[in-house]
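First the structure, in the form of structure tokens, and then the observations on it.
Readers should treat all values here as calculations from the given coordinates under stated rules, not as data from a laboratory. Model, not experiment: these values are computed from the prediction. Note that we place each Cβ from the backbone using ideal geometry, even for glycine, and neighbour counts take in every protein chain shown.
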Amino acid sequence: MSTLALLLTQVVNALSQSALLFFLGVGLTLIFGIMRIVNFAHGALYMLGAFVGYSLAHWAGTFWLALVLAPLIVGAVGAAFELGILRRLYRRDASAFLLVTFGLALVVTEAVRLIWGPDALQVPAPKLFSGVVFLLGEPFPAYRLFLVAAGAVMAIAIWQALERTRLGLLIRATSQNAEMVHALGIDVNLVRSGVFGIGCGLAALGGVLAAPLVTASHAMASTVIIDAFVIVIIGGMGSFAGSLIGALLVGFVQVFGNYYLPDFALAFMYLLMLLVLVVRPGGLLGKEA
Amino acid sequence: MTIRPRLTRRAVVAGTGAAVASPWVWTSARAQAGGMIKIGMPLALTGPLGSVGQQQKRGAELYAKLQNEKGGILGRKIELLIEDTVGNPATCVRKAQEMVERYDCRLLTGITLSSEALAIVPKLAEWNAIFISSDNGDGRLTAESFVPNFFRANTSGPMGARVVSLYVKQAKIKSFFALGLDYAWGHNSVQVFEDEMKRLKVNFIGKVFAPTGTKDYSTYITKIRQSGAEGVYLVLAGDDNNAFLAQAAQYQLASKMAMLTEQIELVALRAVGDASVGLIGSARYAFTIDTPANKEFVELWKAEHKTVPDTFEGEQWQCMKVFEAGITKAGGIEADKLRPALEDLTIESVKGKVLMRKCDHQGVQKGFAVKVVKKEGFDHPIPEVISTFPAEQTTPPCNKMTYED
């Protein structure tokens, strides 16, 4: 393998990992931006997305339907949770949200175990992307290229939605001053339910997309929640662009770090976070803490 | 108003007891508590190796259920104490200690990770407890870390590596690279395999270790391909194994090199499907092993679970059979009686004859090389036995992890 081919495959690998991390991070950061809630159930909902995706893909015989419906279903679960439970807690302090979202994580994890059983389940990559593409003569999984494209499309779509649509305007306004938005006659509660649902749906989208790489498994929830927090802390809590930069940094550091210094594979992400916290305690694009 | 102080107090005591008692403790039969044979299983039921712990649980539960229907062992019912350790050695020691001290349980099995087992064995003498391993791979448990109250009924990591190396000798693969999980078992097995390859004059190009819970195996796959080796040796389990196999298939790694693995489990074959076809490895247990005891066991398993038993379900079953034979021979479960009874005990097991040799308490047993194939009647690929190696070849010399020939 030539050095150039190696570099290229590693870059695309890093981009594909960053795409998966981005779906997690952006959902978490949107929810935090609007509601000032750290959603501990984010990893569990990511896992739920993978399992719902498994069932849909098997039921419909196509991955694409799972890719569309699983995020919608999990998003609806998230919105219902906001409506039914979180809404009652807004006058309490932050610890109430930590407890209740942690509780949701436990409930989702056990529910998945009861419904789908304890074993990992296979979600094959869609036929269209199950082969390899040659990058400078080196075979590379087409599915990973698809992940890069999906990540880029979603990043642009979310960015445009935040900047150009009325919902985006409301989200940005609510995150800056919810009381003022409320005073202007907007139903802030509806915005909150919507954003919580969207954030959960994005996590589920990440889960469905990750499933062909790692299978749908229970450990997804616990291993991924830490990555999501690290991304949000690096990028800055509540910052959309920050979550994108955080995901890219973590993706690249993990892939290149693992390759050149495999013994320190676990440490790189945390070292990066430490560095960011020392230089900019509020995260790269966050408000100064 | 009538006051019933006795009833109230009893209710309070019962309530407190229920609240204090751990929710995972499963009591199969309540009567004759003093006479029951308690077997403690601190298992990794959740976490990356949760699927292994779940298999061990199912294996032991079916055995206990069927044996209790027959009246138990020595007329005493079997009670399993099952707790989740999440695969954490400190938690495992704490839960095992609780079983010993609170429930007076002196028999242990099913400890899922070798790192957990290595943390447990120094405590066995103090606890006066016997621990029969059903899946711990680390060779040190019957070598430098050996303690008299430890027995290993299962095929160890070095034995699995040995089977692969005996197969490599047959298949004439000339160069290897190795990928292992970055903890006790992974390092130990890769080391044994490396030594074996060096003795066979096979070019061992290099090795790399991945932390448990790795989601992206692309860098490791790149390294394996770059090595240019003819074969790759894998020491992976659980979710890591699934992730690696799924991703390696997407890279079409198997078209470049032979993929050999230290252990093949059905749970992984179900999880990754066709991505596992063609994989060759040692199976500590496979439902396709051709022995009368195994045929009987597979039928019992099908009747209960409507499916065939997996690797650690078979291994746990064999381990329970060792307990049964040992306790029957000793006439009790006290460590002082059970230890000598287990030494040089022979049983006819699902894998054929198993001898619990006295020198290092390793179960001397056959080794099986299997190939993953698709077969009619199964909705997932299955392991087919392609070579059976005699126990003398697969079991290392006493207290050793390496082989001399």
*Other protein chain Cβ atoms within 10 Å, averaged over every residue that makes up B:238-250*: 5
*If one computes the Cα centroid of region A:207-246 and of region B:182-217, what distance in Å separates the two points?*
30 Å
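Is region A:10-71 rounded, prolate or oblate when judged by the Cα gyration tensor, a ≥ b ≥ c being the square roots of its eigenvalues, rounded requiring a/c under 1.5 and prolate requiring a/b larger than b/c?
It comes out oblate by the Cα gyration axes.
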*Can you give me the Cα centroid spacing of region A:80-138 and region B:270-309 in angstrom?*
31 Å
*Relative contact order, percent, of chain A when contacts are C-alpha pairs under 8 Å separated by at least 6 residues?*
36 percent
*Only helical DSSP H runs with n ≥ 4 go in: add -39500 (n - 2.57) per run for chain B, normalise by residue count and round the 222 nm mean residue ellipticity to 500 deg cm²/dmol.*
-13000 deg cm²/dmol
_Relative contact order of region A:196-282, pairs being alpha-carbon contacts under 8 Å that are 6 or more residues apart, as %_ = 22 percent
_Just to confirm my numbers, what's the Cα centroid distance between region B:96-129 and region A:248-268 in Å?_
37 Å
*Given a Förster radius of 22 Å and the C-beta distance between A:Ile85 and A:Ile226 as r, what FRET efficiency does 1/(1 + (r/R0)^6) yield to the nearest 0.05?*
0.35
*Among rounded, prolate and oblate, which fits the protein assembly as shown when a ≥ b ≥ c are the square roots of the eigenvalues of its C-alpha gyration tensor, a/c under 1.5 means rounded, and a/b larger than b/c means prolate?*
oblate
*Using the per-residue mean of other Cβ atoms lying within 10 Å as a proxy for protection, in what order, highest first, do the peptides B:280-293, A:75-88 fall?*
B:280-293, A:75-88
*Please give the average number of partner chain Cβ atoms lying within 10 Å of the Cβ of each residue in A:218-226, rounded to a whole number.*
4
_Nothing charged except the Cβ atoms of Lys and Arg (+1) and of Asp and Glu (-1): what's the magnitude of the dipole of the protein assembly as shown about its Cα centre? Round to the nearest 20 debye._
920 debye
*Which angle between 0 and 90 degrees, to the nearest 10, do you get for helix B:292-305 versus the longest principal axis of chain B when only C-alpha atoms count?*
70 degrees
*For chain A, Kirkwood radius (reciprocal of mean inverse C-alpha pair distance, Å)*: 19.4 Å
*Please find, in a Gaussian network model of chain A (springs between Cα atoms separated by less than 10 Å), the residue of A:Arg91, A:Arg36, A:Arg172 whose mean-square fluctuation is greatest.*
A:Arg91
*Anything in chain A that counts as a DSSP H helix reaching 24 Å or more along its axis (C-alpha) with Kyte-Doolittle mean of at least 1.0? List them, would you?*
A:3-35, A:63-84, A:94-116, A:142-164, A:188-214, A:219-235, A:240-260
*Taking θ as phi - 60°, what are the ³J(HN,Hα) couplings along region B:61-76 by the Karplus curve (6.51, -1.76, 1.60), each to the nearest whole Hz, with x for Gly and Pro?*
5, 5, 4, 4, 4, 5, 5, 5, 5, 8, x, x, 10, 6, x, 10
*asked:* In whole Hz and in residue order, list the ³J(HN,Hα) couplings for region B:92-100 that follow from phi through the Karplus curve 6.51 cos²θ - 1.76 cosθ + 1.60, θ = phi - 60°; x for Gly and Pro.
replied: 4, 4, 5, 5, 5, 4, 4, 4, 5
*Rank-order A:184-194, A:52-62, B:102-112 by packing density, defined as the average count of other C-beta atoms within 10 Å over each peptide's residues, highest first.*
B:102-112, A:52-62, A:184-194
*Any cysteine of chain B lacking a neighbouring Cys Cβ under 4.7 Å - listed by number*: B:Cys92, B:Cys105, B:Cys319
_Amide H of A:Gly238 versus every other amide H placed in the peptide plane: which residues, excluding those fewer than 5 positions away on the same chain, fall under 5 Å?_
A:Gly33
*Straight-line reach from B:Lys169: which aspartates and glutamates have Cα under 17 Å away, leaving out those fewer than 8 places along the same chain?*
B:Glu194, B:Asp195, B:Glu196, B:Glu230, B:Glu262, B:Glu392, B:Glu404, B:Asp405
_Where a label projected 7 Å from the Cα of B:Leu355 along Cα→Cβ would reach, residues of region B:301-327 with amide N under 18 Å_ = B:322, B:326
*If the limit is 24 Å between Cα atoms, which of B:Lys215/B:Lys374; B:Lys256/B:Lys400; B:Lys198/B:Lys351; B:Lys198/B:Lys353; B:Lys65/B:Lys351; B:Lys38/B:Lys366 go over it?*
B:Lys215/B:Lys374; B:Lys256/B:Lys400; B:Lys198/B:Lys351; B:Lys198/B:Lys353; B:Lys38/B:Lys366
*Quick one: angle between helix B:157-171 and the longest Cα principal axis of chain B, in degrees between 0 and 90, rounded to 10, please.*
30 degrees
*Enter the mean number of other protein chain beta carbons within 10 Å of the beta carbon of each residue in A:128-135, as an integer.*
1
*GNM, chain A, Cα, under 10 Å: largest mean-square fluctuation among A:Ala178, A:Ala70, A:Ala228?*
A:Ala178
*What are the ³J(HN,Hα) values, in whole Hz, obtained from phi via the Karplus relation 6.51 cos²θ - 1.76 cosθ + 1.60 with θ = phi - 60°, for each residue of region A:132-140 in sequence order, with x given for Gly and Pro?*
10, 10, 8, 9, 6, x, 9, x, 9
*For chain B, what relative contact order do you get, as a whole percent, if you take Cα pairs closer than 8 Å and at least 6 residues apart?*
16 percent
